[in-house]
Amino acid sequence: MTEIEIGRGKRGRRAYSLDEIAVVPSRRTRDPEDVSTNWQIDAYHFDIPVLAAPMDSVMSPQTAIALGGLGGLGVLDLEGLWTRYADPEPLLAEIAGLAPELATARMQQIYAEDIKPELISERLREIRKAGVTVAAALSPQRTQQFWNSVLESNVDIFVIRGTTVSAEHVSSQAEPLNLKRFIYELEVPVIVGGAASYMAALHLMRTGAAGVLVGFGGGAAQTTRTSLGIHAPMATAIADVAAARRDYLDESGGRYVHVIADGGMGRAGDIVKAIACGADAVMLGAALARASEAPGNGHHWGPEAHHGQLPRGERVAVGTLGSLQDILYGPSQSADGKTNLMGALRRAMATTGYTDVKEFQRIEVVVAPDDRT
């Protein structure tokens, strides 16, 4: 890889964001009706390669059920308001109505309420009763504390999601989560992340994870780059982790680990390019927070926005553009790439000559910065 001299004592590798690349049509085109957007992880089949980010502004039990009915996978945040309060609706409305200068402090107060194991069980049972795939997320710090409640509720897919998750966390204060042993002892597929480099992803794959989330500080509601100085441009990160998937496939004798792009994909073109770089699926936050069913009421925030000591995110206004059906399948009333996301993916695959998501990962990609972004 080409390195650039930053100064005499430091060199850096050039990395690319999704805005800086584009896909190139091939010699063949397809009929959009012949294109499949199906995705499968472990024994679970989905009509579209979309997971909803476990954020209170995006997912409630009801929106997880609605997304499941539309062919995607809703992931419920088990550290959010739905497991802290019996009725979080008034608090969600309050957060949406807060003045920007008051939002962070008030959210810190609201999220200081303890997580209740009985509410974890209740929320997951609600999703299970609807007959859709049940997926839930905890941070690495909370996983050891609440994973029994999750498994007792018969979750189908478990997500361990943090700003970054490592297979080799070191702590002198407490015994860290042994990720490899934890995954080995579970009877459900586990998705872990985020990771943003080849080596970090390879180590996560070696723990037995079914999928790896790719991304670090790139979401619409995160300020990780400005507060911590850490950022991973998504196009390069996805391509690096996809390379780790390829090498781990050989190393393990055929075990395939799914690469799931997570963060910074607010428009349909971003999803197209993420898959072109090697992602098997995408985890969407702000894109789905724009749905009328989203509990954020036109606003979006993640767990970083209410961290008790060092917030690394903020509540942002994303507006409401239509129903979840409109966001995913259209019809679209605008040309900004924020609605009919799957229609756009299907059209891009057809225009460039590919029939399924896995095949589309082989498309030619060029470096072509978009000056309009």
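Any residue that is among the charged types (D, E, K, R), at pLDDT below 90 and exposed (fewer than 15 other Cβ atoms within 10 Å of the Cβ) - is there at least one of those in the range 159-175? Within the range 159-175, one or more residues are among the charged types (D, E, K, R), at pLDDT below 90 and exposed (fewer than 15 other Cβ atoms within 10 Å of the Cβ). Would you call residue 338 in contact (Cβ under 8 Å) with a residue 24 or more places away in the chain, basic (Lys, Arg) and assigned to a loop (DSSP other than H, G, I, E, B)? Taking the combined requirement at face value, the residue satisfies it. Scanning the range 43-53 for residues that are more than 19 Å from residue 320 (Cα to Cα) and assigned to a loop (DSSP other than H, G, I, E, B) turns up 43, 47, 48, 49. Filtered by the rule that a residue be under 30 Å from residue 228 (Cα atoms) and buried (at least 20 other Cβ atoms within 10 Å of the Cβ), the range 317-329 gives a lone residue, 318. Of the residues making up the range 286-302, those that are outside any loop (DSSP other than H, G, I, E, B) and over 12 Å from the mean Cα position of the chain (by Cα) are 289, 291, 299, 300. Among residues belonging to the range 304-315 that are surrounded by fewer than 21 Cβ atoms within 10 Å (Cβ to Cβ) and either of a type outside the set (D, E, K, R) or out of contact with any Ser or Thr (no Cβ under 9 Å at 6 or more places or on another chain) (or both), point out the one that is nearest to residue 66 (Cα to Cα). So the residue we want is 307.
This table checks each residue for (1) closer than 21 Å to residue 237 by Cα; (2) buried (at least 21 other Cβ atoms within 10 Å of the Cβ); (3) free of Cβ contacts under 8 Å to residues at least 24 places away in the same chain.
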{"position": "9", "(1), (2), (3)": "no, no, yes"}
{"position": "17", "(1), (2), (3)": "yes, no, no"}
{"position": "20", "(1), (2), (3)": "yes, no, no"}
{"position": "28", "(1), (2), (3)": "no, no, no"}
{"position": "34", "(1), (2), (3)": "no, no, no"}
{"position": "38", "(1), (2), (3)": "no, no, no"}
{"position": "42", "(1), (2), (3)": "no, no, no"}
{"position": "50", "(1), (2), (3)": "yes, yes, no"}
{"position": "56", "(1), (2), (3)": "no, yes, no"}
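Taking the range 218-241 as the range and being surrounded by 20 or more Cβ atoms within 10 Å (Cβ to Cβ) and either modelled with pLDDT of 80 or more or hydrophobic (A, V, I, L, M, F, W, C) (or both) as the test, the residues that pass are 221, 232, 234, 235, 236, 237, 238, 239, 240, 241. Scanning the range 231-279 for residues that are more than 12 Å from the chain's Cα centre (by Cα), over 15 Å from residue 21 (Cβ atoms) and among the charged types (D, E, K, R) turns up 245, 246, 247, 250, 251, 255.
Within the range 246-269, the set of residues being acidic (Asp, Glu) and surrounded by fewer than 23 Cβ atoms within 10 Å (Cβ to Cβ) comprises 247, 250, 251.
The values are calculated or read from the model by the stated rules, or taken from the named source; none is laboratory data. What you are looking at is a predicted structure, and each value in this text was computed from that prediction instead of being measured. FYI the Cβ positions are ideal-geometry reconstructions off the backbone, even for glycines, and counts take in every protein chain you see.
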